[in-house]
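Below is one structure, written out as structure tokens; the observations come after it.
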Amino acid sequence: MRNIQFDRIVDLSHPIAPDIPVWPNDPPVTFTTQTSLQADGYYLRSFSLGEHSATHMNAPNSFFAGAMGIDGYTPEALVRPAVVIDVQTRVHDNPDYVISLEDIERWEVVNGPVQSGSVVLFHTGWQSRWSKPARFINADDRGLHFPGVGAETSAFLLEQRGIAGLGIDTHGVDPGQEASFASNRLVLARQGIILECLASLDRLPPTGITLVIGVLRLQAGSGSPASVLAFVG
């Protein structure tokens, strides 16, 4: 029998609304009223948004032809221990900061080795920009500017720590200036978990967390908006 021990639950997902930040050239979030209480006796809307909009999870087929879609993840794969690595001080003066092995080593000195099978969540502080989409995307003529996980760091965590995936409070686990999406590719090649646009990471401790990830089982979906709950024990 498996049990989740917890003292509180933290919702790590942003509410979905038409004015949330979206990746450049991604479809906007729209809601359309289809029925009303007055005319039809019940209220119903339709909605439209990209598969990688809001707090979301990516699937392998977003980067690899013929790979598994979001509907291929088993329920067991979506319940995972997690750790939180806080890199806010490194990011503060450098929006292009690349999370390095040094950040992992510094965390492990205090907390011990990253647990095998866990999802490593990076708290950059970027979540505070969510209500201002232009600041969250942070684009200029040189591209996007937000922190992310370096490929060397992702490879180390996968190969030496056996992690299940990565999560972050920016719009991508890869740095905004990383055009090859190397960390995404490394994790998704193993059918791992990629969570982006997470919220409330400031409410989590470094360890003692279980994630329960809810996705829409979109047939062959390249990803899905996600409801991510953190059980903190």
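The values are calculated or read from the model by the stated rules, or taken from the named source; none is laboratory data. Keep in mind that this is a model prediction, so the values were computed, not measured. As a convention, Cβ positions derive from the backbone with ideal geometry for all residues, glycine included, and neighbour counts pool all protein chains shown.
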Original post:
If you take the residues of segment 183-196 that are touching a Phe, Trp or Tyr at 6+ places or on another chain (Cβ under 9 Å) and part of a helix (DSSP H, G or I), which of them is surrounded by the fewest Cβ atoms within 10 Å (Cβ to Cβ)?
Top reply: Arg185
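Kindly establish whether Phe64 is touching a strand residue (DSSP E or B) at 6+ places or on another chain (Cβ under 6 Å) and surrounded by fewer than 18 Cβ atoms within 10 Å (Cβ to Cβ). If you could, list the steps in order and put the result at the bottom.
Values: touching a strand residue (DSSP E or B) at 6+ places or on another chain (Cβ under 6 Å): no; surrounded by fewer than 18 Cβ atoms within 10 Å (Cβ to Cβ): yes.
When the stated conditions are applied, Phe64 does not pass them.
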**OP:** May I ask you to list the residues in segment 5-41 that are more than 27 Å from Phe146 (Cβ to Cβ), touching a strand residue (DSSP E or B) at 6+ places or on another chain (Cβ under 6 Å) and hydroxyl-bearing (Ser, Thr, Tyr)?
**Re:** Thr32, Thr33, Thr35
Original post:
Across segment 108-140, what is the total count of residues that are closer than 29 Å to Ile20 by Cα and either modelled with pLDDT under 95 or among the aliphatic types (A, V, I, L, M) (or both)?
Top reply: 6
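Run down Ser128, Ser116, Ser180 and say which single residue is within 26 Å of Asp26 (Cα to Cα), assigned to a loop (DSSP other than H, G, I, E, B) and of a type in the set (Ser, Thr, Tyr). Break it down stepwise before answering.
Numbers: Ser128 fails: assigned to a loop (DSSP other than H, G, I, E, B); Ser116 fails: within 26 Å of Asp26 (Cα to Cα).
Selected residue: Ser180, the only one of Ser128, Ser116, Ser180 that is within 26 Å of Asp26 (Cα to Cα), assigned to a loop (DSSP other than H, G, I, E, B) and of a type in the set (Ser, Thr, Tyr).
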**OP:** Hey, could you check segment 135-174 for residues that are more than 21 Å from Leu186 (Cα to Cα) and free of Cβ contacts under 8 Å to residues at least 40 places away in the same chain and say which is surrounded by the fewest Cβ atoms within 10 Å (Cβ to Cβ)?
**Re:** Asp141
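Under the condition of being under 15 Å from the mean Cα position of the chain (by Cα) and either part of a loop (DSSP other than H, G, I, E, B) or of a type in the set (S, T, N, Q) (or both), which residue from segment 217-233 is nearest to Ser53 (Cα to Cα)? Give the steps one after another, and end with the answer.
Just the residues of segment 217-233 that are under 15 Å from the mean Cα position of the chain (by Cα), to begin with: 222-230.
When the remaining residues are screened for being either part of a loop (DSSP other than H, G, I, E, B) or of a type in the set (S, T, N, Q) (or both), the result is 222, 224, 227.
On the way: Ser222: 11, Ser224: 8, Ser227: 12 Å.
The selected residue is Ser224.
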Original post:
Is it true that Ala199 is at pLDDT 95 or above and either of a type in the set (D, E, K, R) or part of a helix (DSSP H, G or I) (or both)?
Top reply: no
**OP:** Give me a count of the residues in segment 19-49 that are exposed (fewer than 12 other Cβ atoms within 10 Å of the Cβ) and closer than 18 Å to Thr170 by Cα.
**Re:** 3
Original post:
Applying the selection to segment 42-98, what residues are part of a helix (DSSP H, G or I) and either closer than 20 Å to Val120 by Cβ or acidic (Asp, Glu) (or both)?
Top reply: Pro60, Ser62, Asp71, Glu76, Ala77, Leu78, Gln88, Thr89, Arg90, Val91
Original post:
Out of (1) surrounded by 13 or more Cβ atoms within 10 Å (Cβ to Cβ); (2) modelled with pLDDT under 95, the odd one out for Asp93 is which?
Top reply: (1)
